[in-house]
1. Could you tell me whether any residue of region A:48-58 is buried (at least 21 other Cβ atoms within 10 Å of the Cβ), farther than 30 Å from B:Glu238 by Cβ and not aromatic (Phe, Trp, Tyr)?
2. Would you tally the residues in region B:104-122 being under 36 Å from the mean Cα position of the chain (by Cα) and open to solvent by less than 40 Å² (accessible area, probe 1.4 Å)?
3. Report, by residue number, each residue of region B:221-246 that is within 11 Å of chain A (Cβ to nearest Cβ), over 24 Å from B:Gly409 (Cα atoms) and among the hydrophobic types (A, V, I, L, M, F, W, C).
4. Do the conditions hold for A:Ser863, that is, is it hydroxyl-bearing (Ser, Thr, Tyr) and open to solvent by 10 Å² or more (accessible area, probe 1.4 Å)?
5. For region B:43-55: of the residues being more than 14 Å from every other protein chain (Cβ to nearest Cβ) and under 21 Å from A:Arg797 (Cβ atoms), which is surrounded by the fewest Cβ atoms within 10 Å (Cβ to Cβ)?
6. Sort out which residues of region B:64-98 are in contact with a strand residue (DSSP E or B) (Cβ under 8 Å, 6 or more places away or on another chain), assigned to a loop (DSSP other than H, G, I, E, B) and over 27 Å from A:Arg794 (Cα atoms), and write them in order of number.
7. Determine whether A:Arg794 is within 14 Å of chain B (Cβ to nearest Cβ) and surrounded by fewer than 22 Cβ atoms within 10 Å (Cβ to Cβ).
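The values are calculated or read from the model by the stated rules, or taken from the named source; none is laboratory data. From a predicted model like this one, the values you see are computed outputs, not experimental measurements. Cβ: placed from backbone, ideal geometry, glycine included. Neighbour counts: every protein chain shown. Heads up: the accessible areas ignore ligands, DNA and RNA and are worked out on the full protein's heavy atoms, side chains in. Shrake-Rupley method; radii C 1.70, N 1.55, O 1.52, S 1.80 Å.
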Amino acid sequence: MAASCDSLLPLVLLLCLSAQAVDRSNFKTCDQSAFCKRQRELKPGQSPYRALLDTLELSNSRLSLQLINDNNKVRLLLELYRLQGNMTRVKINELKPLKPRYEVPDVLLSDPITEALSVVAQDENSLVVSLGGKDQRLILSAQPFRLDIVEGSQVVMSLNSRGLLAFEHLRTRKDTKSESEQAPGQENVEQQTDEDGQIKEDDDKPGMWEETFKSHTDSKPNGPTSISLDFSLPGVEHVYGIPEHADTLKLKNTDGSDPYRLYNLDVFQYELHNPMALYGAVPVLISHSTDRTMGIFWLNAAETWVDISSNTAGKTMFGKILDFVQVSSEAPQTDVRWMSESGIIDVFIMLGPKPADVFTQYASLTGTQSFPPLSALAYHQCRWNYNDQEDVKTVDQGFDEHDIPYDFIWLDIEHADGKRYFTWDPSKFPQPKEMLQGLMDKRRKLVAIVDPHIKVDSGYKIHNEIRSKNFYVKNKDGGDYEGWCWPGNAGYPDFTNPEMRTWWASQFAYDQYEGSMENQYIWNDMNEPSVFNGPEVTMHKDALHGVWEHRDVHNLYGLYVQKATADGLIQRSEGVQRPFVLTRAFFAGSQRYGAVWTGDNAAEWGHLKISIPMCLSLGLVGISFCGADVGGFFKHPSAELLVRWYQAGAYQPFFRAHAHIDTPRREPWLFGPENTALIREAIRQRYALLPYWYQLFYNAHRTGQPVMRPLWVEYPDDFATFSIEDEYLIGKDLLVHPVTDEGATGVTAYLPGKGEVWYDVHTFQKHDGDQSLYIPVTMSSIPVFQRGGSIICRKDRVRRSSSCMENDPYTLYVALGSQGSAEGELYIDDFHTFSFEEAKQFVHRRLSFSANTLSSRNLAPDSQFSTASWIEKIVIFGGSQPSSATLKSADGTESALEFEFDSTLAVLTLRKPGVNAAADWTIVLR
Amino acid sequence: MTCLHLLLTLVFAVSLGTPVEIQRPRGVPLTKKQFYEEGKPFTCLDGSRTIPFDRVNDDYCDCKDGSDEPGTAACPNGSFHCTNAGYRPMFIPSSRINDGICDCCDTTDEYNSGAKCENTCKELGRKEREVLQKMAEITKEGFLLKQQLIEEAKKGREEKQGKVTDMQENKKQLEEKVEALRTVKEAAEQPEKEAKERHLKAWEEQKAAIRLEKDKAKMAEAFLELDDNSDGFVSVSELQSHAELDPDADGTLTETEVQGLMGGAAQVDTSTFESVWTNIKDKYHSEVSRKEPEEPAPVETPPDEVKEPAVDNDSEPYPEDDISEEDDEDEDDKDDYHEDDDKVRVNIEKELSFDFGPDAEFTYMYSQCYELSTSEYIYRLCPFNRALWGREKNRPENNKYLVMKYEHGTGCWQGPNRSTTVKLTCGKETVVTSTSEPSRCEYLMEFTTPAVCQEPANTEPSPHGHEEL
């Protein structure tokens, strides 16, 4: 939940009363963020930077040389690396900074593996570096400094081609005696000398040494430290990524508006279609054209703004060194400019060339999606708040009475004793273990919230320990930083400190966290961090995390909170159980620690719609486990909206209903029997498809491929798919077009793929690809299509929780492609431990159908797992009627299978093959 | 895995000690036994197809209606019958067969899941019989009490009706007398009339002065309340917390609306507040008059979460409420020196006009209040003070006396107006037994009273337990 302010100081409360939507004045525009304003005032043109080619140093895998700013003579150090997997890393830092600048730790999995670089040509103003295979070269022009990555005769990306490299070097303040009195913007120009020669200071500009926003002053003891660099993408019209924004999938041109902002913030009642920052930030941009898919990963955790503009190639493209490169002056081009408040330039250029390659490349840097326990992929019932144990019990029983499955019930902040996390309200939750045991008896689970703000209260063990261990973030004067949040006055543990994280993780041990049990999991909210009385509802930038300012680490804080919490859950089970932790704030790499949701949305149709592009954007940058609050957090959904949201949410990765404390109750059975039935059906569809979701998450965990994908990822040559955001693919085999309009009587779905076919999963009707198809809908319709050529495994015996279904048999849905063949996978393990990784205890099978033969073969012969599940039924779409079906088992025995054939729909159903799901088998149709 | 036990030997009536063995497929109730004839082809109960008998309970769903798999989880829409000897037989969705959770007290639903279930039917049956017995006793005694209540109410009503008739008669006679005398009197009093009118005018002026003084005192009090930060000024935001002032009554008091009320000023001091007061006094609700819990609220409870006793209507001003207007009249009445027979009569008539149930059995609750203390709050229920009989959906009209609804209470911040649903159940005593707040500002009270006790059935209540035989 957001800082909805109902337990704030009276003053804040009154301010919030008038808020119907986001109060924009609480958050900075680029103009109000001094560094963004300064940076944006710099217009494209001749770069003052010059590469000093005589400083070139080249080792096997690292190239470095100095850059000099001819205006102020400040020198920078440029480092270039060729990384394994078709990536290039460009690092720019001050050659001799006054003190070290922050370099983001803990996000990269490890030091990326480098490959050899070699200089293939050099003249007085340029350097050509071979990037290895595929005729890829990097051309470095010395004056003005720029970098061009070319492949063959194509420029694929240019850096600083618009001259927007800007690096505010660390400097000493001119009037150190009366810092506080010095008015910003004084015209003094001071000359300073150091061993490198003359450094001419830039003129001071407003906000360099102090910045005030509303009533908050940022003391900025380090002065201006911002950085900026531009990237040009010739031939590119479509760029995506840089979540989190409540905006379209395809990023918009930001000329004439604010840039997209990346600064983790607790935004109360956020607006749609707006580049304002939200709760999380992943500084990764993906570009796509029919030629190539690429990515830019800007590894910087400070406040960041991204400008995007479309251009026509040729205007800024060519230094004369590039004369041999062919470019049509008609070609479109997208220019991207990154601006960050502090740190260094450390950018990873992922050169694709296919979408899947970019995902692999990014995953090799920051890791893949954690593999959740199966139950976390099932349905979650949440509300702020389930009032007490009795309420939890009643809701639990409600699901059984109405025969609706669910796996997790959630407890928001009211469950804790006075918002002291790790505790239970003694009157509302006097016997948490009894409650948890009750849920366990139903094979269900619970999530309790643990937020990172800690009530300042000398009677609270957690607070006392953090204080005595000196683990709190400090304010600029060295005392413990304190801010206002749910519990009132609160401290914020310094999660950037590894010792602090170790201690935090230890608090989840069963003997530390009283009342907790193994079926309790954790939710980290408010970890932007949210500080109700802080600037922009977050922490002061001059607060201190050890030697670093909050300014440097801000966007990383939430990642650390989730990491420490997930570590805690792993450790409490001695490394056996997979954790499940939901976070609201996130950064690049957060995919390794659990799930995210899109924060405090509202019960409005627009919010339902935007949940698709918001989760697609996250999936493109590694975070597959994404969902939006079903029903909408704020406000009261109509029954129609609620039903449509369940239908859409059932086909999104993280499927949780949630509601604000001020809204009327909305458990699925409170909207009349008809709507209860519709919601039940949507949730049941989710449960039946869990094997497919699980297999996709396994795949995402192994390879980094997103679970929920924009169409263009699978149809990269089909221009028509590039901006689609009202439908998407789950894996590559299911296409979903949820109904997101009030009173809709139909949707128009685009079915991609020339020569391909799609099958409506509900009616089995066959449709050709490469067409826009109008589908009439009723309240029960969830338009979903299975790709011809795919095999999807389901468990059609839906029970009251996913655990209850673990040994149930599978039904195979074989959708034949236009060539009469199909392929799919089946993945099975114990659904909740790390044994799949540590002991190779899993089943992974390839199912394929061709030439009238369906077979299952082992994809991981060195794995071992025995399952009780078997194959109960096989449904084949798009085939013809056979005269016989013969099952051949691994031991060579043959038996005839009974079958039915529906000739109007061409659906063949094979009755009860009965083979174990882990076995080899073949079925031949004749 | 695919070959399941086809038949189950059911042992009945263990508690009676006379075992009877009846063979039928697992999960089939006795009433449907005849459709499952061993060895003969089985026709789905919806008639959709006929299958060999060995496909009944073979863990594959052949019938659309799920009738071929009464004892397995194969059909999505099937149901499983457990006999639960000693307790109550029941049907469970077939998805609960062998799901590792014990649903049937006789454990028959978990025959192949490894779940360790214990037969609890006997124990459950015993407990239920105890509960039923207790309830029967309560109902019996409660119903007797109800008869007394009806009797008392009948008497009371007759008395009151008599009183009203008397008073009406009295009044009529008096009015006739007055009319007769007036002619005489008017003539006689003519010289005094002018003097009296002067006197009356002075009296009116004095009354006005008193009213003004009262209003000023109210205003001063209101100012202090409104000035949350005690800076000597009332600001727009401070005023905005009083949602009841919303001029267009659209539920939100916008900043612009507040500025309108404040005549465009951003803040006002005590002197300029007078003009604002004129704008708001009719609607303004004092915060002080809200009844606070007697125990101090926990320190960390934010101010807006302090719950007021939801149904304590006697001291709480309500917007647009006729009773608060009556209160004003009351004050005027006190200033006057009129003898108030009329008022008494009106009150009695009002009381008589209430719906106190079909036999007036709820009459005794009139002007009574019932309290329940919890660890956090004290809840107070005063029936018939603004109560409406519930009109719950899907409930027959004759059950309307089982629910009372209180609506349009004071607004909650960002929430609905407070409302309370009171559920009435039969009990010997008239007490509030529990309260809860299932949704924000929507309270639920459970209330027992003899007034809803139904006449017990003629026969002694026969405990359940063997009715499956």
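1. Within region A:48-58, the first condition is being buried (at least 21 other Cβ atoms within 10 Å of the Cβ), and the residues that meet it are A:49, A:51.
The next check asks that each one be farther than 30 Å from B:Glu238 by Cβ; those that pass are A:49, A:51.
Add one more test, that the residue is not aromatic (Phe, Trp, Tyr), and what stays is A:51.
The answer is yes; a qualifying residue exists.
2. Going through region B:104-122 one residue at a time, the tally reaches 3.
3. Listed by number, the list holds a single entry, B:Val236.
4. Values: hydroxyl-bearing (Ser, Thr, Tyr): yes; open to solvent by 10 Å² or more (accessible area, probe 1.4 Å): yes.
Taking the combined requirement at face value, the residue satisfies it.
5. At the first step, the residues of region B:43-55 found to be more than 14 Å from every other protein chain (Cβ to nearest Cβ) are B:43-47, B:50, B:53.
With under 21 Å from A:Arg797 (Cβ atoms) added as a condition, the list becomes B:44-46.
Working: B:Cys44: 17, B:Leu45: 15, B:Asp46: 11.
Only one residue fits best here, namely B:Asp46.
6. Within region B:64-98, B:Thr83, B:Asn84, B:Ala85, B:Pro89 qualify.
7. Details: within 14 Å of chain B (Cβ to nearest Cβ): yes; surrounded by fewer than 22 Cβ atoms within 10 Å (Cβ to Cβ): yes.
Taking the combined requirement at face value, the residue satisfies it.
Rundown of residues vs (1) at the interface with chain B (Cβ under 10 Å from one of its Cβ atoms); (2) within 22 Å of B:Thr435 (Cβ to Cβ); (3) open to solvent by less than 50 Å² (accessible area, probe 1.4 Å); (4) at pLDDT 95 or above, yes/no style:
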site	(1), (2), (3), (4)
A:Phe371	no, no, yes, yes
A:Cys382	no, no, yes, yes
A:Val392	no, yes, yes, yes
A:Asp407	no, no, yes, yes
A:Asp412	no, yes, yes, yes
A:Lys419	yes, no, yes, yes
A:Lys428	yes, yes, no, yes
A:Met435	no, yes, yes, yes
